[in-house]
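The values are calculated or read from the model by the stated rules, or taken from the named source; none is laboratory data. Remember, it's a predicted structure, so these values are computed and weren't measured experimentally. Cβ atoms come from the backbone with ideal geometry, glycine included; neighbour counts cover every protein chain shown.
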Amino acid sequence: MNTHHTTHTLSQFSRNNINRETAIYEAAHATAIYLGNKKRQLPPIFFQISITHDMNKINQAWVAKIDGGRLIHTLPSSIAEATRDFTDTQKQAYQLAFEADIVNLLVGPLAEAKYISLRDHTPIKPTLTSLHPLQDGDETADLQTVREYLECFFTEKTEQLSKIAELFLIALNFINNPSHWLAIVALADYIIKVGKDCIDCEEAGGVIAQQVY
């Protein structure tokens, strides 16, 4: 996929005001997309980390966010409906991609929670039956998307909770892998220091690979 994006240099003042928690969040999301999808033998997908000026914040801070990076581009009304005419192999591949997207979305808020717990020397106590403890204030867009994915999986709440518990543990194990965590922190540092308004997947992958391979 060829996507042209003009890169501008941010001022030193602006770079230093990128929220570190947000950088960790997005670095984790990017690392999960890059490493997790490769480990699951899923096709590589384009993403970029965009640095934008958030005019809604009181201090008009610079923030980072992921553009792209999802295997399922448009959510169906249900997985059963979307895969109705699929072979068993195709159904399995579709569900694997579906679950990979959810895990990759969960890794971001989990990594932010881990970073804050390490910084403040407080234990992280994620709750498997609710996403609420991962958010600070209003639910993030990524967690809203996770809920939408779950609703495509199952209509019953108990089944949704069972599936999120399963995928939550996969995401938690991902960030607790020492080499993964080193890659997340390295990419977060890079996001803050590099001074660009866009970091594409190849550039991010290069930073990640230095820590993992």
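Annotations
- Lone qualifier among Ile191, Ile184, Ile164 - being modelled with pLDDT of 95 or more, surrounded by 13 or more Cβ atoms within 10 Å (Cβ to Cβ) and assigned to a helix (DSSP H, G or I): Ile184
- Long-range neighbours under 9 Å by Cβ, at least six apart or interchain, first residue closer than 21 Å to Pro123 by Cβ and in contact (Cβ under 8 Å) with a residue 60 or more places away in the chain within region 164-190, second of a type in the set (Phe, Trp, Tyr) and in a helix (DSSP H, G or I): Ile175/Trp181; His180/Phe174; Ile184/Tyr115; Val185/Tyr115
- Every residue from region 84-93 that is at pLDDT below 95 and in contact with a helix residue (DSSP H, G or I) (Cβ under 7 Å, 6 or more places away or on another chain): none
- Every listed requirement among (1) buried (at least 16 other Cβ atoms within 10 Å of the Cβ); (2) closer than 17 Å to Glu99 by Cα; (3) at pLDDT 90 or above; (4) out of contact with any Asp or Glu (no Cβ under 9 Å at 6 or more places or on another chain) is met by Leu143 save one, (3).
- Considering only residues in region 81-95 that are of a type in the set (S, T, N, Q) and surrounded by 11 or more Cβ atoms within 10 Å (Cβ to Cβ), the one that is nearest to the chain's Cα centre (by Cα) turns out to be Gln95.
- Scanning region 77-123 for residues that are among the small types (Gly, Ala, Ser) and in contact with an Asp or Glu (Cβ under 7 Å, 6 or more places away or on another chain) yields a single hit, Gly108.
- Top-ranked residue in region 101-125 [being among the polar types (S, T, N, Q) and surrounded by fewer than 16 Cβ atoms within 10 Å (Cβ to Cβ); ranked as nearest to Asp142 (Cα to Cα)]: Ser117
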